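Asker: Got a structure for you, questions after.
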Amino acid sequence: MRRSEAKPSRAAVEAPDSAVEQRAPGRWQIATVTSIRTETPTVKSFRLELPMWMAHCPGQHYDVRLTAPDGYRAQRSYSVASSPLDQGEIELTIDRLADGEVSPYFHDVVVEGDEVEVRGPFASYFVWRGERPALLVGGGSGVVPLMSMLRHRRRTSPDSPMRLVYSVRSAADVIYADELGEEAVLTFTREPPHGWSGHRGRIDAALIADGAPQAAAVFICGSNGFVESASRLALEAGVAPDRIRTERFGPTG
């Protein structure tokens, strides 16, 4: 997912001890692509092995930089999808944008064993720090940082209440389809799968109100319009503004 928003925070992360009080490294390093998994026709997940690894916080992102033979550079930021417990590596899930500079390279050129330049992790606002219960609301590829939170919660505090509301256009657009468990509630905005008896259409007040009022923190990630709509619904459900954290992704990649 392409990141575009970050704000400061003062809370402490519930993550491995090595992550506590560490600052995000600003140095670029060369990561090795160890595996590539196709999530949807336009989305792939890339596992990267890092020589200078540090445990990230669920919700943080890495910068990726490509340098052409003529010296031209393109740089983008992508959310980390993996748990901080995956020592030595991270997973970046990247949506291919036809007019992008970085995402098409990853999708069309990068193979296992290739090396790419990265730095991070960065951001401290849109981060899950063990708040319970937590409500995660994602639209499309906005589910990526939320999956890091969900994966980490499953491994560190499986009894901690966490609910994911995930909006997608069709079954073919569901990212991490094999991992979405009982915590996830899906809604299909265009083409629900055959025989679907669950929610249809855009996220509405009923989906948000079911878990928002009790949530210690609500994380909302997606396009500008999606974030604005979901945030408004959370406020209408009675969630205090300081409990709502938002992340928006931009159109470039």
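Asker: Need the full-extension length gain, His194 to Ala171, defined as separation in residues times 0.36 nm minus the C-alpha distance. One decimal, nm. Don't jump to the answer; show the numbers that get you there.
Answerer: Details: separation 23, 0.36 × 23 = 8.28 nm, distance 0.94 nm.
Between His194 and Ala171, full extension yields an extra 7.3 nm.
Asker: Where Lys and Arg each count +1 and Asp and Glu each count -1, what net charge lies around Arg73 among other residues with Cβ under 15 Å from its Cβ? Numbers along the way, then the final one.
Answerer: On the way: positive: Arg65, Arg76, Arg119; negative: Asp63, Asp70, Glu101, Glu117.
Charge balance near Arg73 sits at -1.
Asker: Starting from 0.36 nm per residue, how many nanometres of slack lie between Thr156 and Arg232 once their C-alpha separation is accounted for? Don't skip to the answer; put the middle values down first.
Answerer: On the way: separation 76, 0.36 × 76 = 27.36 nm, distance 3.10 nm.
Contour length minus Cα-Cα distance gives 24.3 nm.
Asker: Pick out which of Arg132, Arg202, Arg37 has the largest mean-square fluctuation in a Gaussian network model of the chain, springs linking Cα atoms closer than 10 Å.
Answerer: Among Arg132, Arg202, Arg37, the largest GNM mean-square fluctuation belongs to Arg37.
Asker: Helix-only mean residue ellipticity at 222 nm, the chain, DSSP H runs n ≥ 4 weighted -39,500 (n - 2.57), per residue, nearest 500. What is it?
Answerer: On the way: 4 runs with 38 residues, N = 253.
Per the formula, -4500 deg cm²/dmol.
Asker: State, to one decimal in nm, how far the label point of Gln29 lies from the label point of Glu183, with both points 7 Å from Cα in the Cβ direction.
Answerer: It is 2.6 nm.
Asker: When only Cα pairs under 8 Å and 6 or more residues apart are kept, what is the percent relative contact order across the chain?
Answerer: Values: 575 pairs, mean separation 56.9, N = 253.
Over the chain, the number comes to 22 percent.
Asker: Let me know the shape class of the stretch 134-248, please: from the alpha-carbon gyration tensor, a ≥ b ≥ c as square roots of the eigenvalues, rounded when a/c is under 1.5, otherwise prolate if a/b is greater than b/c, or oblate.
Answerer: Details: a/c = 1.57, a/b = 1.15, b/c = 1.37.
Oblate is the answer for the stretch 134-248, as a/c is 1.5 or above yet b/c matches or exceeds a/b.
Asker: Picking from His56, His199, His107, which is most flexible by a Gaussian network model of the chain using Cα springs under 10 Å?
Answerer: With Cα springs under 10 Å in the chain, the top fluctuation among His56, His199, His107 is at His199.
Asker: While we're on this one: I need to check one value: relative contact order of the stretch 17-122, counting alpha carbon pairs closer than 8 Å and at least 6 residues apart, in percent. Numbers along the way, then the final one.
Answerer: Details: 214 pairs, mean separation 39.0, N = 106.
With pairs under 8 Å counted, the relative contact order is 37 percent.
Taken together, the values in this text are just the output of simple stated rules run on the coordinates, not laboratory data. Nothing here was measured: the structure is a model prediction, and the numbers come from that model. Glycine also receives a Cβ, built like all others from the backbone with ideal geometry; neighbour counts cover every protein chain displayed.
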